[in-house]
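The numbers here are math on the coordinates, done by the rules we state, and not lab data. Remember, it's a predicted structure, so these values are computed and weren't measured experimentally. In this analysis, Cβ positions are derived from the backbone assuming ideal geometry, glycine residues included, and neighbour counts consider all displayed protein chains.
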């Protein structure tokens with residue numbers, strides 16, 4: 001059974017999005033996504049300062065069996081990436097919503113948050129797969 | 001389709017995926033732990049999706065000497081096995097397989113699941129001229145038990161009367177024990193057995209192996225193990241458009257005796273005489289990242305080939321791959337991974353055999 005926290009927003013492409021108090025947003029991939037990929041062995045993150053639009057491929061998570069793109073869920077600028085993933089990509093498997101976060105966006109166009117779905121809609125979307 | 005072990009896989013919490021129409025376990029939790037279990041102790045794989053075919057007839061040996069690029073005349077004692085390619089008229093690979101000699105009128109072959117239909121059609125077409133009988137044994141299951149302790153643990157699960165015989169087996173030999181056909185073969189680079197047995201007996205054997213401490217392993221670990229062992233995967237590393245000579249399989253072609261007329265010999269002989277432009281090599285990525293199939297291989301920015309397989313190697317903790325490249329390649333090159341050219345070492349497979357790393361991954365120096 002997938003773990004889908006109710007206080008996060010989601011995309012149908014399996015990213016989770018947390019709105020921080022300072023207006024930035026933190027991004028990772030869902031418990032369901034890491035389970036489908038299997039054990040991660042490599043994560044490629046974008047450069048800090050990258051300006052991204054919703055739906056743009058901006059990171060890559062690779063398991064033993066496959067590589068998968070991570071898409072920008074919102075419009076904004078990368079202000080921080082999770083450097084710990086370079087040595088410990090398995091953090092995404094172990095704690096997808098905590099230490100396994102991937103990147104943080106600043107200067108977020110908050111209009112683009114409206115496109116995200118809530119936990120119930122995300123659960124429904126993975127049950128349809 | 002489901003193998004006789006489907007319920008075992010489900011009960012063990014396997015993640016099942018479709019493989020050539022079969023519901024097969026890709027892992028039971030951790031593909032990497034399963035990989036290490038085979039390198040360090042013992043693991044077992046359900047490979048019942050593979051196709052077992054028994055061939056019989058007065059002229060069956062002549063038939064196989066025509067059908068296969070390696071020469072079954074080398075098989076002189078009952079149970080002896082041979083790895084070979086089955087070629088088309090162009091000298092390219094229809095499939096790779098293991099053939100077992102049982103007696104002068106009986107052989108057994110094991111071919112890939114994904115190529116079952118075309119293999120059977122090809123074999124039957126050529127069997128006619130030799131009056132050979134082709135009997136697909138879909139009543140049989142197959143379990144591979146692999147690892148440094150695999151033989152010892154598996155022997156305790158086989159009929160007691162056969163213990164001495166299975167433990168006395170030399171590599172690439174098989175013996176029939178009651179309903180079991182036990183071969184000292186595998187696809188992992190470790191010692192072990194491949195056990196062919198009646199499907200209805202497979203669940204009991206599987207459960208008893210698990211009780212003996214053999215770790216259940218999925219096809220995910222099987223792929224990383226075979227790649228570390230430098231073993232080709234049909235459909236990826238070679239296919240109907242590539243010959244054994246450009247797939248690292250030249251050693252499987254029996255050129256002698258010169259008058260043996262095997263299918264593909266003419267085309268293969270011409271290719272050999274003209275010289276093969278490509279060679280098949282192993283690659284180790286120096287830095288972070290993962291090699292995958294179909295990435296471009298470059299030297300000084302010029303494309304010289306392509307990867308055919310790639311993965312993260314749990315033993316080396318580096319990305320490794322196999323590639324078909326220009327034979328002029330030196331000991332270093334680059335691979336294009338998503339638009340970035342990353343340095344790799346060119347090595348001779350295998351990467352790992354019997355638990356030991358066989359390539360020098362710390363090699364550094366000037367680019368050749």
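Points to keep in mind about this one:
- Taking a ≥ b ≥ c as the square roots of the eigenvalues of the Cα gyration tensor, segment B:207-305 is oblate, since a/c reaches 1.5 or more and a/b is not larger than b/c.
- Length-normalised contact order of chain B in % [C-alpha pairs under 8 Å, at least 6 apart]: 18
- Spin-label model, residue B:260/residue B:178: points 7 Å from Cα along the beta carbon direction are separated by 3.7 nm.
- Computed E for residue A:128/residue B:62 - FRET, C-beta separation, R0 56 angstrom, nearest 0.05: 0.45
- Förster-model FRET efficiency, 41 Å R0, residue A:22 and residue B:20, C-beta, rounded to 0.05: 0.20
- Model label sites at residue A:12 and residue B:136, defined 7 Å from Cα along the beta-carbon direction, differ in position by 4.0 nm.
- Choice from A:57, A:33, A:114 with maximal GNM fluctuation in chain A (Cα, 10 Å cutoff): A:114
- Mean sequence separation of contacting Cα pairs (under 8 Å, at least six apart), scaled by the length of segment A:10-127, corresponds to a relative contact order of 31 percent.
- CD proxy at 222 nm, helix term only [per DSSP H run n ≥ 4: -39500 (n - 2.57); per residue of chain B; nearest 500]: -6000 deg cm²/dmol
- Residue with peak Gaussian network fluctuation, chain B [Cα springs, cutoff 10 Å], from B:161, B:113, B:78: B:161
- In whole percents, the pair-distance distribution calculated for chain B from its alpha-carbon pairs, binned every 10 Å from zero, is 5, 23, 32, 26, 12, 2, 0.
- Rg and Dmax of segment B:128-213, based on Cα coordinates, read 13.9, 49 Å.
- In terms of Cα atoms, the Rg and Dmax of segment A:10-127 work out to 13.1, 38 Å.
- Cα shape, segment B:263-368, gyration tensor, a/c 1.5 rule: prolate
- Cα Rg, Dmax (largest Cα-Cα span) when computed across the protein assembly as shown, Å: 25.2, 83
- Each label point was placed 7 Å from the Cα along the Cα-to-Cβ direction; for residue B:90 and residue B:11 their separation is 4.8 nm.
- Between B:124, B:246, B:256, the Gaussian network model of chain B with springs among Cα atoms under 10 angstrom shows the greatest mean-square fluctuation at B:256.
- At R0 = 56 Å, FRET efficiency that the Cβ-Cβ distance of residue B:348 and residue A:119 yields, to 0.05: 0.60
- Separation between Cα centres of segment B:156-193 and segment B:1-61, rounded to whole Å: 17
- Between segment B:277-351 and segment A:39-108, the Cα center-to-center distance that results, in Å: 25
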